[in-house]
Amino acid sequence: MSYPDLRPEIAARMPNLRGRIAANVALADITWFRVGGPAQVLFTPADEADLAYFLAHLSPAYPLAVIGLGSNLLVRSGGVPGVVVRLGRGFSQIAVEPGARIRAGAAVPDLKLARAAAEAGIAGLAFYRGVPGSVGGALRMNAGAHGRETRDVLIEARAVDRSGTIHTLPLAAMRLTYRQGGVPLDFIFSEALFAGTPGAPQAILREMEEVAQYREATQPIRERTGGSTFKNPPGLSAWKLIDEAGCRGLRIGGAKVSQLHCNFLINDGDATAEDIERLGEVVRARVRAASGVNLQWEIIRLGLPTDGRPVGEALAEAYPP
Ligand SMILES: Cc1cc2nc3c(=O)[nH]c(=O)nc-3n(C[C@H](O)[C@H](O)[C@H](O)COP(=O)(O)OP(=O)(O)OC[C@H]3O[C@@H](n4cnc5c(N)ncnc54)[C@H](O)[C@@H]3O)c2cc1C
């Protein structure tokens with residue numbers, strides 16, 4: 001499938017744009033699940049000023065979405081109409097600052113942030129070793145692991161809003177809670193300042209290695225997956241509820257519930273986005289029936305289904321019990 005090409009209109013409105021605009025870009029190629037349709041426009045800004053210029057001149061008629069490294073995203077088969085922003089090189093700077101602080105562009109992979117902090121003797125960010133996303137995704141999702149999360153180490157973030165205005169948001173304004181933030185969804189994070197505590201680089205690098213080994217042993221990190229599918233309900237583990245509902249290894253089309261960690265869904269090779277979303281909804285329905293708990297998606301589902309196809313809970317209703 002493909003969308004009408006918006007590039008001529010965008011170029012006409014924005015003669016001074018420096019970033020890259022591409023039309024009908026397959027998001028399956030740049031997201032972990034490797035499924036889903038195209039972005040009508042994929043915009044890669046040259047830097048923060050270019051992003052602000054783009055947003056200030058973008059017609060309000062076009063929907064706007066932003067993606068990071070696609071490690072927490074399920075893109076639907078009908079793709080994403082309007083503009084998808086993806087930050088690149090212009091947002092990949094890292095700078096160590098006094099007071100065990102480190103500033104990173106929103107496109108920096110969390111792994112690189114953890115490594116740079118370790119090498120600078122900044123402890124407290126080693127948990128990012130296990131999160132395969134970018135700084136931007138971590139700011140939106142309040143990414144966390146091993147008992148720590150983004151809000152424990154964040155000082156402030158910068159973001160560009162839909163009108164092109166640049167904001168500096170102190171931690172409190174981010175309103176970060178378990179795997180979500182409170183900043184409007186059309187704010188695009190461009191940079192963040194983190195603080196840790198002074199530490200010995202060798203000790204921090206060892207801690208990172210332990211994080212990596214734990215991941216390797218307990219999660220299907222080499223598969224096409226979106227990480228934890230559902231949030232842990234207060235006081236409960238999503239994976240246990242899924243296991244108790246008999247869903248470990250459950251398969252629909254090319255999608256399956258991981259045997260290793262049953263809160264992970266896997267594209268086993270030829271899954272469609274609909275297979276994966278349906279499997280998630282069937283798991284939710286079975287957990288609801290078994291325990292009364294209504295699991296909430298942690299994975300962000302983006303875009304439209306193929307024409308006329310259902311999404312969300314309707315997918316489970318159409319599936320034989
Ligand atoms: C194997 C595996 C293990 C994982 N383990 C963990 C874990 O331990 N802890 C954890 O928290 N998560 C984990 N995840 C999920 C995922 O890595 C995190 O949610 C991560 O923060 C997503 O970052 P991303 O750059 O991939 O964002 P994407 O998946 O591309 O996007 C996720 C959300 O962030 C938004 N977003 C991305 N960039 C920006 C930006 N610049 N400005 C505004 N919004 C933005 C998107 O719009 C979307 O809503 C795991 C995923 C996988 C595949």
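For the Cα trace of the stretch 189-276, dividing Rg by the Kirkwood Rh returns an Rg/Rh value of 1.10. Compute the Cα gyration tensor for the stretch 133-262, then decide on rounded, prolate or oblate, letting a ≥ b ≥ c be the square roots of its eigenvalues: rounded whenever a/c is under 1.5, prolate when a/b is larger than b/c in the other cases, and oblate in all that remain. It is oblate, given that a/c is not under 1.5 and a/b is not larger than b/c.
The helix-based estimate of mean residue ellipticity at 222 nm for the chain, built from -39,500 (n - 2.57) per DSSP H run of four or more residues and divided by its residue count, is -8000 deg cm²/dmol to the nearest 500.
Largest first, the extents of the alpha carbon coordinates of the stretch 26-182 on the three principal axes equal 45, 33, 28 Å. Look at Leu185, Leu193, Leu74 and count the other Cβ atoms within 10 Å of each Cβ; fewest to most, that gives Leu185, Leu193, Leu74.
Computed from the alpha carbon positions, the gyration tensor of the stretch 39-107 leads to an equivalent ellipsoid with semi-axes of 27, 16, 8 Å, biggest first. Classify the chain as rounded, prolate or oblate from the Cα gyration tensor: take a ≥ b ≥ c as the square roots of its eigenvalues, call it rounded if a/c is under 1.5, otherwise prolate when a/b beats b/c and oblate if not. Cα axes put the chain in the oblate bin. Under 13 Å of direct C-alpha separation, and excluding same-chain neighbours fewer than eight residues apart, Lys256 reaches these aspartates and glutamates: Glu223, Asp268, Asp270, Glu274, Asp275, Glu277, Glu281. Centre-to-centre separation between the Cα atoms of the stretch 73-128 and those of the stretch 231-249: 30 Å.
Each of Thr229, Thr168 has some number of other Cβ atoms within 10 Å of its Cβ, and from fewest to most they run Thr168, Thr229.
Each reported figure results from applying straightforward, stated rules to the coordinates on display, with no laboratory input. Keep in mind the model is a prediction, meaning the values are calculated, not measured. Methodologically, a virtual Cβ is constructed for each residue, glycine included, from the backbone with ideal geometry; neighbour enumeration extends over all protein chains shown.
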